[in-house]
Amino acid sequence: MHQNNAELAARMESFELAFRMQMAAPEAFDLSRESIAIHAMYGTNNPRCAHVAKQTLAARRLVERGVRFIQIYSGGMENERSWDGHSDIESNHRQFAGETDQPVAALLSDLKNRGLLDSTLVIWGGEFGRLPVAQRSKGNQAKGRDHNPHAFTIWMAGGGVRAGSIYGSTDELGYAAVENPIDVHDLHATMLR
């Protein structure tokens, strides 16, 4: 009766895929299946970095299962409880770098040890940079920095990226991209390549 209905077949196929994904998710996110050594490497029991460590370990488990896009998010709260260092950038970034350093290093090592880093592109970045000058605001002792849409830094590893490559640079103050400036479309094209 409905054998020749392509739209119905496509809809059924998408529902079946969604069901298979939901059935596989509990196992994929079950971090208890990992060894004590892996948990120690990622820092899942370290209060300083446990929330990022669990995300990065789950990300590796998803990569192993063929998931093609995974986002790990550090911060995400209001200003000073995220990477948004308007008031005290040194303390802010020291804290968040400390929360992400061990888990991200573990993810890269783990992917490499499992033969997955060459086929997995890992990207670390934000949506903007920071101005090279101190930010003054009400109650602020000029220890923070405002957003800088003219220059920002990301790093990439694996996925065919040449290790140690640097592309572009800023002016002597770090205010604007002056050597090989690109826009986000170029960055997206590089990622897709």
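What the table shows:
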| quantity | calculated |
| --- | --- |
| Region 64-130: trypsin sites (Lys or Arg not before Pro) in DSSP coil with no more than 13 other Cβ atoms inside 10 Å | Arg65, Arg68, Arg114 |
| Magnitude of the charge dipole, the chain, Cβ model with Lys/Arg +1 and Asp/Glu -1, debye to 20 | 400 debye |
| Centre separation in Å (Cα based) which lies between region 1-68 and region 127-193 | 32 Å |
| Carbon and sulfur %, accessible surface of region 37-108 computed with the full protein complex present, 1.4 Å | 54 percent |
| Dipole of the chain, positive end: most advanced residue of Phe29, Gly144, Ala177 [Cβ charges, Cα centre] | Phe29 |
| Selection of GluC sites (Glu not before Pro), region 42-109, meeting DSSP coil and at most 10 other Cβ within 10 Å | Glu78 |
| Charge dipole (debye, nearest 20) of region 49-110; +1 at Cβ of Lys and Arg, -1 at Cβ of Asp and Glu | 500 debye |
| Dipole of region 1-51, positive end: most advanced residue of Cys49, Ala18, Asn4 [Cβ charges, Cα centre] | Cys49 |
| Alpha-carbon spread of region 7-150, three principal axes, descending order, Å | 60, 45, 26 |
| The chain, relative contact order in percent, only Cα pairs under 8 angstrom and at least six apart counted | 15 percent |
| With Cα atoms, 0 to 90° folded angle of helix 89-113 axis to the chain main axis | 40 degrees |
| Principal-axis tilt of helix 6-28 within the chain, Cα atoms, nearest 10 degrees | 70 degrees |
| Theoretical ellipticity at 222 nm over the chain - DSSP helices of four or more residues, -39500 (n - 2.57) apiece, nearest 500 | -13500 deg cm²/dmol |
| For the chain: accessible area per residue (Å², 1.4 Å) | 71 Å² |
| Cα-centred dipole magnitude for region 86-193, charges only on beta-carbon of K, R (+1) and D, E (-1), debye, nearest 20 | 200 debye |
| Computed over region 12-73: relative contact order in percent, which uses C-alpha pairs under 8 Å that are six or more apart | 28 percent |
| Neighbour-limited loop hits for chymotrypsin sites (Phe, Trp or Tyr not before Pro), region 50-138 (at most 14 other Cβ within 10 Å; DSSP other than H, G, I, E, B) | Phe69, Tyr73, Phe128 |
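The values are calculated or read from the model by the stated rules, or taken from the named source; none is laboratory data. Computed from a predicted structure; not experimentally measured. Note that we place each Cβ from the backbone using ideal geometry, even for glycine, and neighbour counts take in every protein chain shown. What goes into the accessible areas is simple: the full protein's heavy atoms, side chains included, and nothing from ligands, DNA or RNA. Shrake-Rupley method; radii C 1.70, N 1.55, O 1.52, S 1.80 Å.
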